[in-house]
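Shown next, in structure tokens, is the structure this report addresses.
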Amino acid sequence: MAQLPHMLQSFVTDLRAIWSRGDDVGANMRAAQPLLEKLLLDKDLQALSADWPSTEGRKNLLLYTDPDHGFAINAVVRVPGRTGNIHDHGPVWVLYGVLTGTEALERYERLDDGARKDYAKIRLTGTGAGAPGKSDLVPPHDIHRELGGPTRSVAIIVRSAQLGEIIQGRYNMATGEVVYGGGPEQIPFAIRTAA
């Protein structure tokens, strides 16, 4: 993968130090959260993201995958007013933060006993507002969805593992149907910096 801009390289170095201390993925992700929130306020990274391509159509820009610890850093670029599908990320922890624009993250809880794999009765439990510098930690199997704001938005995502082949659920609130499949397409992306 191409060389990362200095602020992202520094972030990766800090993440590697956290992961080197232990195998408690939840604790590692919680320790990473303030570091991500600091990165999200970096004006140079915000400026670099201005020409990143849209990730519409269930895509993620893949910025980095750690060769030793397996965590991944993605970016998503949303068009104004984008309504995501209700989903989970299977066994993967996700730290989702807004770099530019605004977004909202809806959280859902499952009301049935989970006896049927293809069915889930869910209800909305809350909506968090996302703006630059804000992040949300989503534990494994938590049901949620992202909603784009009135302008283009860019988010940086730290995942405990690279998505793509990992099976995750997609939920239809109206019918209760649950469909399982692979995650978003991972598009390797080299961030262009000024020469």
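Computed values, structure above
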| read-out | value |
| --- | --- |
| Using alpha-carbon coordinates, inclination of helix 25-39 to the longest axis of the chain, degrees | 50 |
| Folded to 0 to 90 degrees: helix 6-21 orientation relative to the chain principal axis, Cα | 60 |
| Cα-centred dipole magnitude for region 72-151, charges only on beta-carbon of K, R (+1) and D, E (-1), debye, nearest 20 | 140 |
| Aspartates and glutamates whose Cα lies under 15 Å from that of LYS43, excluding same-chain neighbours fewer than 8 positions away | ASP51 |
| Prolate/oblate/rounded label for region 1-124 (Cα gyration tensor, a/c 1.5) | oblate |
| Using θ = phi - 60° and Karplus 6.51 cos²θ - 1.76 cosθ + 1.60, couplings along region 56-66 (whole Hz; Gly, Pro as x) | 4, x, 6, 10, 10, 7, 9, 8, 6, 10, 6 |
| 14 Å beta-carbon shell around TRP19, net charge (K/R +1, D/E -1) | -1 |
| Magnitude of the charge dipole, the chain, Cβ model with Lys/Arg +1 and Asp/Glu -1, debye to 20 | 320 |
| Sequence of PHE189, PHE11 once ranked by neighbouring C-beta atoms within 10 Å, starting from the fewest | PHE189, PHE11 |
| Per-residue ³J(HN,Hα) for region 157-165, Karplus 6.51 cos²θ - 1.76 cosθ + 1.60, θ = phi - 60°, Hz, x for Gly and Pro | 10, 9, 10, 5, 8, 6, 7, x, 8 |
| Sorted by Cβ neighbour density within 10 Å, fewest at the top, the residues SER135, SER49, SER20 | SER20, SER49, SER135 |
| Environment charge at GLY133 (Cβ cut-off 15 Å; Lys +1, Arg +1, Asp -1, Glu -1) | -2 |
| Within the chain, helix-based [θ] at 222 nm, where runs of 4 or more DSSP H residues each add -39,500 (n - 2.57), nearest 500 | -6000 deg cm²/dmol |
| Over 24 Å [Cα-Cα, region 97-195], rounded percent | 33 |
| Gap separating the Cα centres of region 83-102 and region 1-58, nearest whole Å | 14 |
| nm² value of the averaged projected area, convex hull over the Cα atoms of region 35-187 | 8.9 |
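A short reminder: the numbers here are calculations on the coordinates, not readings from a lab. Quick caveat, the model's predicted, so the values are computed rather than measured. Because the Cβ atoms are built from the backbone with ideal geometry, glycine has one as well, and the counts that use them run over all protein chains shown.
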